[in-house]
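Shown next, in structure tokens, is the structure this report addresses.
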């Protein structure tokens, strides 16, 4: 297996000028690379008695379903506002160009359930921090956070570690 970074497409100036977008859909479309990413994240958390895997919209859903299946856990979707059909709680957070809101069903898990948070990439950490806040507000026990890509220069992993001690990333891009 080649380095996972080689399966990730770099798209300059998306979604705005000066941003180098790390597109994991090319990794997802390669069966061996996708399997390796899922297997690696499963291995990192296999002894944590995970009960639910929370995936952040949208690429986190792809990973969360596969990881939950392998861990024998359920899946909790954490979505953009207005997309979940039942009673929800929400968390608004700041983006560099405005704000955004995430939602989760109120009955997504029980108090004390062991939750693994998954997304494709950790950048500034705002989205993951908002998702962690939703889980904590429902008294979930966050056992870890897993990502394929870390962009450490943006400080997100350090920010998320204030809420979640175990943060696992499979590869990192130090600069553009």
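Mind ordering 121-131, 78-88 by average Cβ neighbours within 10 Å, highest first?
Ranking, from highest mean packing down: 121-131, 78-88.
How much length, in nm to one decimal, is gained on full extension between residue 20 and residue 46, taken as 0.36 nm per residue of separation minus their Cα-Cα distance?
Numbers: separation 26, 0.36 × 26 = 9.36 nm, distance 3.25 nm.
Difference between extended and current length: 6.1 nm.
So in segment 47-172, what percent of DSSP beta bridges are antiparallel if you round to the nearest 5?
The antiparallel fraction comes to roughly 30 percent.
Give the shape of segment 44-91 as rounded, prolate or oblate, defined through the alpha-carbon gyration tensor: a ≥ b ≥ c are the square roots of its eigenvalues, a/c under 1.5 means rounded, and otherwise the shape is prolate if a/b is larger than b/c and oblate if not.
Judged from the Cα gyration tensor, segment 44-91 comes out prolate (a/c at least 1.5, a/b above b/c).
Starting from the alpha-carbon convex hull of the chain, give the projected area averaged over all orientations, in nm². Kindly include the intermediate steps, with their values, before the conclusion.
Values: hull surface 38.5 nm².
Average of the hull's projected areas for the chain equals 9.6 nm².
Given R₀ = 45 Å, FRET efficiency for residue 13-residue 106 by Cβ-Cβ distance, to 0.05? The partial results should precede the final answer.
Values: r = 39 Å, r/R0 = 0.88.
With a Förster radius of 45 Å, E is 0.70.
Taken together, the values in this text are just the output of simple stated rules run on the coordinates, not laboratory data. Note that the coordinates shown come from a computational prediction; the quantities given were computed from them, not determined experimentally. In this analysis, Cβ positions are derived from the backbone assuming ideal geometry, glycine residues included, and neighbour counts consider all displayed protein chains.
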